[in-house]
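The values are calculated or read from the model by the stated rules, or taken from the named source; none is laboratory data. Treat the numbers as computed from the prediction; the structure is a model and nothing was measured. Ideal geometry is used to build each Cβ from the backbone, glycine not excepted, and the neighbour counts take in all protein chains shown. Surface accessibility is based on the protein's heavy atoms, side chains included, excluding ligands, DNA and RNA. Shrake-Rupley method; radii C 1.70, N 1.55, O 1.52, S 1.80 Å.
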Amino acid sequence: MTFWDLQSWQKISTLPFFLLPYDVHLFYGNTNYFLDFMPFFQGILSDDELDKAQSFKFQERCNNYLVNKGILRVILANYLLIKPDDILFFYNDKGKPILDFSINNIDLYFNLSHSKTYIIYGFSLFNLGVDLEKIEDNDNLLGIAKRFFVQEEYQYLQHLKREEQVKTFYQFWTKKEAYLKAIGEGLSGGLDTINFCNKSHSNWQINNFSVDDNFLGAIAVETQHKCNYYCLELLPETLEQLILNLSNL
């Protein structure tokens, strides 16, 4: 399995964003760093997004949603060179957000995932999906694998030592979810529809990465070609620069 520490990836320049055909960009950050940007985010989100934020029972979930969606609009606007509040989405029948064709001037694909207060965003000129999970040593990981994974994967996990078993379980899980998100199905598409003990995903580039010792993710890109991967950690000063990039639009 290919496995990366994000610190080893090439870094994305904050000005300008530019995607070559086989480039994949991944942004990651902690939503708690961006609470001071809340008034700005509320000013660029759609009425539907603001209504959904208000529907959350707990303020923390509301804040995370506003930050996640606000940062997404700022990053997309830097690729598309339009104002963040002019970005339009439509949604497939499983709820996957897709850029409206009327504003997608570079045929851009994107996907996002969050776990606790961590958020990741993936961008490419190919269809893609991303997933992020907090690694937790659940006593029932093998039971979950037996129920939801391919039998060959479950048997593979059974023969691993505990520490390696936990890590490999999350490698499998995040790869599966990234793939299912890319094809627009989500978990309802079935975790057993792809087997990572064989080459059943030859038309895809699907790889794991670590954010730190506690969070593991995966990115699935729909291409047979080797991709060039770049990343950028989102910090308040990074976001300020991205917003400044848009000031003349």
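Please report the equivalent ellipsoid semi-axes of the chain, computed as sqrt(5 x eigenvalue) of the Cα gyration tensor, largest first, in whole Å. Working shown, then result.
Details: eigenvalues 192, 79, 60 Å².
Rounded to whole Å, the semi-axes are 31, 20, 17.
3J(HN,Hα) along region 221-228, derived from phi through the Karplus expression 6.51 cos²θ - 1.76 cosθ + 1.60 where θ = phi - 60°, amounts to 10, 7, 7, 7, 7, 5, 9, 9 Hz, with x in place of Gly and Pro.
Just add up the charged neighbours of residue 46: K/R +1, D/E -1, any other residue whose Cβ is under 14 Å from the Cβ of residue 46. If you can, show how the numbers build up before the last one.
Numbers: positive: 52, 69, 73, 83; negative: 47, 48, 49, 51, 85, 86, 100.
After counting each charged neighbour, the total is -3.
For region 19-160, relative contact order (Cα pairs under 8 Å, six or more residues apart, normalised by length) works out to 25 percent. Within the straight-line cut-off of under 19 Å between alpha carbons, the aspartates and glutamates reachable from residue 161 are 136, 137, 139, 152, 153, 213, sequence neighbours fewer than 8 places apart in one chain being disregarded. Taking amide H positions as placed 1.01 Å from N in the peptide plane, with prolines and chain starts having none, which residues 5 or more places from residue 126, or on another chain, fall under 5 Å of its amide H? Amide H to amide H, under 5 Å and 5 or more residues apart or across chains, residue 126 pairs with 109. Distance from the C-alpha centroid of region 183-222 to that of region 6-69: 22 Å, rounded to the whole angstrom.
For residue 40 and residue 4, compute 0.36 nm times the residue count separating them, minus their Cα-Cα distance, and round to one decimal in nm. Walk me through the numbers on the way to the answer.
Working: separation 36, 0.36 × 36 = 12.96 nm, distance 3.38 nm.
Using 0.36 nm per residue and subtracting the Cα-Cα distance, I get 9.6 nm.
In the full protein context, the chain carries 50 Å² of accessible surface per residue, based on a 1.4 Å probe and ignoring ligands, DNA and RNA. Along the axis of the charge dipole computed for the chain (Cβ charges of +1 for Lys and Arg, -1 for Asp and Glu, origin at the Cα centre), the listed residues 159, 218, 204 are led at the positive end by 159.
The packing ranking of peptides 201-209, 73-81, 124-132, 140-148, highest mean first, is 124-132, 73-81, 201-209, 140-148, where packing means the average number of other beta carbon atoms within 10 angstrom of each residue. Where only DSSP H runs of four or more residues are counted, the chain gives -10500 deg cm²/dmol as its mean residue ellipticity at 222 nm, each run worth -39500 (n - 2.57). Under a point-charge model restricted to the Cβ atoms of Lys and Arg (+1) and Asp and Glu (-1), what is the dipole moment magnitude of the chain relative to its Cα centre, in debye to the nearest 20? So the magnitude is around 420 debye.
Given a 1.4 Å probe and every protein chain left where it sits, what share in percent of the accessible area of region 1-132 is carbon and sulfur?
On the way: 3450 of 6540 Å².
It is 53 percent, rounded to a whole number.
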